[in-house]
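Chemist: Quick one: the structure is below, and I'll ask about it shortly.
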Amino acid sequence: MNLVGKIFTVLILVMSILFMAFAISVYATHRNWKNLANTTKADVVSLNAENDQLRSEIEKSQNQMSHEKAARRFALGRLETRLQEKSDQASELNRKGNELLAQQRNAIDAVNSAQRQLDQLNQQVAGLQQEILTSQQERDVSFEQVRELTDQIHEAKGIRNVLDQRLQQLTQDYTKATTVLKANDLTISSPVDNIPPAVEGEVVKVVGNSIEVSVGEHDGIKQGHTIVVSRRDKYLGRAEITRVGPDRAVGRIRYRNAPIQEGDRVQTKVEVR
């Protein structure tokens, strides 16, 4: 019997006692026993009906309570099932949490190891940067040296080109000089003191067997040089310089092919002595 049944039982007992007290009170106050009996009978019938109604209500309440108990047991079963599921989930979460903690510890160890490696790499990078800086400085110095050497090479190439051109010119000049020497029966060892420079001028005065010309010491003419006199590509004769001034010279005619006049052209003549 549950608590509600006990309550109803106690209630019926109390009401029975009340009815009994009521009956005794009626009995004490009335002498008509038949009427009292009829009244009591009617009260009993009423009380029985009320008792039946109460019993019915009690049974209804008990049935309702049974249904509620069943519903509660079902709900409790569902709650226990959910509790078990939650407990399993909590266990699984605890297991996963432990795994995650282990992974976190491993990750922390890996991070610490990576940090140590990173510190070592940073030190190596700093050393490499210093080496690179030193190498760059050395490269800059080498580049400057290479640039200077390149400039020197270019300058040397320019000088070499000039020298090559000069050598080519000298070779041509040497060839020409050799040709001239051969044409005049001269050699490299022939004396050159009496060879006049190649100059041209004109006759400014004719006095007997002497002529005065417009070239002199400043033009390289010396005493003893021979000059040739011509007029429009016509050979007139030759003369030997006997006296030299700064810009004038006097020569004695050694050979005359035709009369010599003022204005005739004169030029030096190579002559072997």
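The values are calculated or read from the model by the stated rules, or taken from the named source; none is laboratory data. Note that the structure is predicted; figures quoted are calculated from it, not measured. Positions of Cβ are backbone-derived with ideal geometry, glycine not excepted, and every protein chain shown enters the neighbour counts. With ligands, DNA and RNA removed, areas are computed over all heavy atoms of the protein, side chains included. Shrake-Rupley method; radii C 1.70, N 1.55, O 1.52, S 1.80 Å.
Chemist: Give me the one-decimal nm value for the distance between modelled label points at residue 247 and residue 41, 7 Å along each residue's Cα-to-Cβ direction.
Modeler: 19.5 nm
Chemist: Next question, about the same structure. Can you compute the FRET efficiency between residue 166 and residue 233 using 1/(1 + (r/R0)^6), with r the Cβ-Cβ distance and R0 = 35 Å? Round to the nearest 0.05. The partial results should precede the final answer.
Modeler: Details: r = 35 Å, r/R0 = 0.99.
For residue 166 and residue 233, the calculated efficiency is 0.50.
Chemist: Taking the Cβ of residue 76 as the center, what net charge do the other residues with Cβ under 12 Å away carry, scoring Lys and Arg +1 and Asp and Glu -1? It would help to have the intermediate numbers written out before the result.
Modeler: Numbers: positive: 69, 72, 73, 78, 82; negative: 68, 80.
Residues close to residue 76 contribute a combined charge of +3.
Chemist: Follow-up question, since we're still on this one. I'm spelling it out carefully: the read-out is log10 I(q)/I(0) by the Debye sum over Cα atoms at q = 0.10, 0.14, 0.16 Å⁻¹, the candidates are (1) -0.53, -1.03, -1.31; (2) -0.88, -1.10, -1.21; (3) -0.68, -1.01, -1.18, and one was derived from this structure. Which label?
Modeler: Correct label is (2).
Chemist: Which FRET efficiency value, to the nearest 0.05, is calculated for residue 118 and residue 145 with the Förster distance at 30 angstrom and r the Cβ-Cβ distance?
Modeler: Working: r = 39 Å, r/R0 = 1.30.
Given R0 = 30 Å and the Cβ-Cβ separation, E is 0.15.
Chemist: Given 102, 135, 54, which one lies farthest toward the positive end of the charge dipole of the chain, if we put +1 on the Cβ of every Lys and Arg and -1 on the Cβ of every Asp and Glu?
Modeler: 54
Chemist: Taking only C-alpha pairs under 8 Å that are 6+ residues apart, what is the relative contact order of the chain in percent? Could you put the intermediate results ahead of the total?
Modeler: Numbers: 229 pairs, mean separation 32.1, N = 273.
Across the chain, relative contact order equals 12 percent.
Chemist: List every residue whose amide H lies under 5 Å from the amide H of residue 255, counting only residues 5 or more places away in sequence or on a different chain, with H placed 1.01 Å from N in the peptide plane.
Modeler: Excluding prolines and chain starts, which carry no amide H, the hits are 238.
Chemist: Roughly speaking, what is the stretch gain from residue 85 to residue 156, that is 0.36 nm per residue apart minus the C-alpha to C-alpha distance, in nm to one decimal? Intermediate values should be presented prior to the final figure.
Modeler: Values: separation 71, 0.36 × 71 = 25.56 nm, distance 9.60 nm.
Length difference between fully extended and current span is 16.0 nm.
Chemist: Mind checking the per residue accessible area of the range 25-152 for me, 1.4 Å probe, whole number of Å²? Walk me through the numbers before you get to the answer.
Modeler: Details: 10950 Å² over 128 residues.
On a per-residue basis, 86 Å².
Chemist: Could you tell me which trypsin sites (Lys or Arg not before Pro) in the range 127-168 are loop residues by DSSP with no more than 11 other beta carbons within 10 angstrom of their beta carbon? Don't jump to the answer; show the numbers that get you there.
Modeler: Numbers: sites: 139, 147, 157, 160, 166; in loops: none.
Nothing satisfies the criteria.
Chemist: A follow-up question, please. What does the charge count around residue 50 come to, taking other residues whose C-beta lies under 11 Å from its C-beta (Lys +1, Arg +1, Asp -1, Glu -1)?
Modeler: Values: positive: 55; negative: 43, 52, 57.
That works out to -2.
Chemist: At a threshold of 8 angstrom on Cα-Cα distance, excluding pairs fewer than six apart, so keeping six or more, what relative contact order does the range 116-265 reach in percent? Please report the intermediate quantities before stating the final value.
Modeler: Details: 173 pairs, mean separation 24.5, N = 150.
After rounding, I find 16 percent.
Chemist: Can you tally the net charge around residue 3? Count Lys and Arg as +1, Asp and Glu as -1, for every other residue whose Cβ sits under 14 Å from the Cβ of residue 3. Walk me through the intermediate numbers first.
Modeler: Working: positive: 6, 69; negative: 68.
Local charge sum for residue 3: +1.
Chemist: Can you list the lysines whose alpha carbon is less than 23 Å from that of residue 205, not counting same-chain residues fewer than 8 positions off?
Modeler: 222, 234, 269
Chemist: Calculate what fraction, in whole %, of the accessible area of the chain sits on carbon and sulfur atoms when a 1.4 Å probe is rolled over the protein chains.
Modeler: Numbers: 11590 of 21210 Å².
Roughly 55 percent, rounded to a whole number.
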